[in-house]
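Here the structure is laid out as structure tokens; the discussion comes afterwards.
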Amino acid sequence: MSDTIDNPRFVLLTASATCALITLDTNVVAVALPSIARDFHAGFTDVEWVVSAYMVAFAACLLPAGALADRIGRKKMLIAGLAVFSLASLGCGLAPSALALNLARAAKGVGAAMLLTSALAIIANTFHEGAARARAWAVWGTCMGVSTTIAPLVGGVITQWAGWRWIFLMNPPICALLALCAWRGMRESRNREAGALDLAGSALFAVALALGIWALIDAQADGWTDWRTMARLAACAALFVVFVRVQRSRAHAMIDLALFRQPRFVAAVLAMFGYAACAQVMMTFLPLYLQNAFGLPAVRAGLGMLPFAIAMVVGPHIGASLGKRVPAMALLTLGLATIGAGNLLTALFAGMANYGLIALGMIVTGLGAGVLNGDTQKAIMACVPANRTGMASGISTTTRFTAIVTSVGVLGAVLATRTHAALDAHASRLVDPQRVLDASFLSRLLAGDLAHAGEGFAGAHGAALVRIARESFASGFAASLGVAGVCALTIAAAVWLLAGRTTLESGAKASRKAGSALAE
């Protein structure tokens, strides 16, 4: 046992495998969403919550989980997180309803936050020297890249050949093995100088985020002008205002708002938000599109996403090569612009039913995402002193997952609105449009459950209905990608402007220093 404890490689592999499990589990579910919708006869709102319940809990708990791990011990937190993640996965696999699944997914998000923060802290605490630390993070990045690449295919294989429940039921034995490795191979570590936990800030952030996502998702059914939607959005905004005030008044706040006075830091955080909201979120929507628009089974949909996933693996190598020639902020701008161009290309080709053209758009988006995947994190960390890296890492990770869950809500609303409009436009081609184009049909179509949505319609009429439904969904998908593309290009411009402002401020400071030196 002592040989294992003293082995940094064993610690690195265990921590990296834990993080890879989270990445795999986060991305593997997307391919199974249509199957989940069919089994539960669930609508689009329920399917969105399968993703969003997990992401909201994950994003809301990252900062407090990291702070708690520093206090009680990172090894203890890792093992406790594996227990929560395992039990929640079991709850997901045995869920009798969509509501039960979503509640278990939220609990799983809490466990994932405990795992990710403690695993990252363990790696950072184990590897101190420059070369060893660089190699450790390279191994960690490789594990994350591989898990992201294979996630769609793994999800498709399990969903089609074993059933979607086994996506979750495979986790408990893996968690048990990782817990055993952590217990036997890791030393305990903690930060004995850590301040008090910011429980009020954590609660305010979590509730505000949940209310905002609730408003975005349910607005598709309730309406954007409905009092419930307006009340949720107003409460979300009010709680975020209170959250900011609490952060300003706390000595040990979750987020040091003074960091956001630095244009370079704001630019790096914006780049992270744009990357996650406009590129990573495609891991949720692309499987729905491939299964709905092309009628692909789960395995082929997983294979169909490989161009995007492989491009994300190649992208960091291109980014590393370019990083030797161009400034960091210019590289972030280029990555965001590439994501924007890829999304707009895919939007342009979405209605053509040509997979080759769609794959081309995926590759462009994936390359931009790959460039940003590591460089956004490095850019954020480069803006803060060494004693603030923990907080900066927390801000970075929270921004990433907050962006994903926000984008799921916003782009989901665009997808639903445009698909509904396209269905209405095609209504004249149907024999009985009022019977078909109801809220239930739209909800099941958006969830990827076209088989149940078209129940009772056979022959030429049924074929026409399927064709119209696929064309309408492709139109909605193109609209959502168009919005994502424009957002990526807008954020790219903002990052570029902020980078220019940073250069001007640096030049002004240098001039003032030179003037002072001459005066002396």
Self-check item: In the range 34-52, the residues that are buried (at least 24 other Cβ atoms within 10 Å of the Cβ) and either small (Gly, Ala, Ser) or closer than 12 Å to LEU445 by Cα (or both)
Solution: PRO34, ALA37, ALA42, PHE44, VAL47, SER52
Quiz item: Out of all the residues in the range 227-241, which are surrounded by 15 or more Cβ atoms within 10 Å (Cβ to Cβ) and aliphatic (A, V, I, L, M)?
Solution: MET230, LEU233, ALA235, LEU239
Practice problem: Check ILE339 against each of (1) closer than 30 Å to SER475 by Cα; (2) more than 17 Å from the chain's Cα centre (by Cα); (3) hydrophobic (A, V, I, L, M, F, W, C) and name the one condition it does not meet. | Solution: (2)
Practice problem: Identify all residues within the range 83-110 that are touching a Cys at 6+ places or on another chain (Cβ under 9 Å) and crowded, with 24+ Cβ neighbours inside 10 Å; write none if there are none. | Solution: PHE85, SER89, LEU101, ARG105, LYS108, GLY109
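When you look at THR398, is it closer than 25 Å to PHE477 by Cβ, modelled with pLDDT of 75 or more and in a helix (DSSP H, G or I), yes or no?
Working: closer than 25 Å to PHE477 by Cβ: no; modelled with pLDDT of 75 or more: yes; in a helix (DSSP H, G or I): yes.
Considered against the rule, which asks whether it is closer than 25 Å to PHE477 by Cβ, modelled with pLDDT of 75 or more and in a helix (DSSP H, G or I), THR398 comes out as no.
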Quiz item: Does ALA138 meet the test of being of a type in the set (A, V, I, L, M), assigned by TED's automatic domain parsing to the domain that holds LEU24 and crowded, with 17+ Cβ neighbours inside 10 Å?
Solution: no
Quiz prompt | Residue among VAL29, VAL11, VAL56, VAL51 that alone is hydrophobic (A, V, I, L, M, F, W, C) and farther than 23 Å from ILE174 by Cα | solution = VAL56
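For the range 209-320, give me every one of the helices (runs of 4 or more DSSP H) that falls completely inside it and has 3 or more residues that are of a type in the set (Gly, Ala, Ser). If you could, list the steps in order and put the result at the bottom.
On the way: elements: 227-249, 263-275, 282-293, 298-304.
By residue number, 227-249, 263-275, 298-304.
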Quiz item: Is there any pair with a first residue in the range 222-237 that is in the same structural domain as LEU204 (by TED's automatic domain parsing) and a second that is among the β-branched types (Val, Ile, Thr) and part of a helix (DSSP H, G or I) whose Cβ atoms are under 7 Å apart and which are 6 or more apart or on different chains, and what are they?
Solution: ASP222/THR229; GLY223/THR229
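The values are calculated or read from the model by the stated rules, or taken from the named source; none is laboratory data. All of these numbers come straight from a predicted model, not from anything done at the bench. Don't worry about glycine lacking a Cβ; one is built from the backbone with ideal geometry, like all the others, and counts go over all protein chains shown.
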